[in-house]
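Here the structure comes first, spelled out in structure tokens, and everything after it is commentary.
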Amino acid sequence: IIMTQPDPILPVLADDELSERAAAVFDDIRATRNTDFVNNIWRVLANDPNLLEQTWSEVKNTLTEDSELDVLTKQLIYIAVSVAQNCNYCIRSHTAAARALGLTDAQLAELHTVIGLAAKTNRLAQGLQVPIDEAFL
């Protein structure tokens, strides 16, 4: 399968093209994730250091440590929302993150079964304008 990708609207910045603020965020991404790899979403957001800082802060605070939900569960939710929003980039990046946390092929297939079922029943309930049960209110 050959996947074609659109040209980015903003440049995908290399490390030597970063502002000081963006470079500091990249340092934090590398330290937090314990890797030298900084993926393209951050390299594009680096064109706007404010947006980069804000978005990384939200991602770091939400997705990098267990809280009421463990990190794998958060990644599975992220994948489901990314499928619903048709974001191929996020589907791929968060599937890779979930796999690094131990997601198996069988679990991924089951996740997509649930996503497909939810999409179907959501469309049925919405299309048929099913009234919400009193017990759910």
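The values are calculated or read from the model by the stated rules, or taken from the named source; none is laboratory data. This is a predicted model, so every value here is computed, not measured. Note: ideal-geometry Cβ built from the backbone for every residue, glycine included; neighbour counts use all protein chains shown. All accessible areas refer to the heavy atoms of the entire protein, side chains included, with ligands and DNA or RNA removed. Shrake-Rupley method; radii C 1.70, N 1.55, O 1.52, S 1.80 Å.
Worth pointing out:
- Out of 110, 65, sole residue that is at pLDDT 95 or above, out of contact with any His (no Cβ under 7 Å at 6 or more places or on another chain) and of a type in the set (D, E, K, R): 110
- Number of residues in the range 56-82 that are open to solvent by less than 40 Å² (accessible area, probe 1.4 Å) and farther than 23 Å from residue 31 by Cβ: the value is 3.
- Tally of residues being assigned to a helix (DSSP H, G or I) and either open to solvent by less than 60 Å² (accessible area, probe 1.4 Å) or over 27 Å from residue 101 (Cβ atoms) (or both) across the range 1-23: 6
- Looking across the range 41-94, the residues that are in contact (Cβ under 8 Å) with a residue 12 or more places away in the chain, small (Gly, Ala, Ser) and assigned to a helix (DSSP H, G or I) come down to 80, 82, 84, 93.
- Taking the range 95-118 as the range and being open to solvent by less than 80 Å² (accessible area, probe 1.4 Å) and assigned to a helix (DSSP H, G or I) as the test, the residues that pass are 95, 96, 97, 98, 106, 108, 109, 111, 112, 115, 116, 118.
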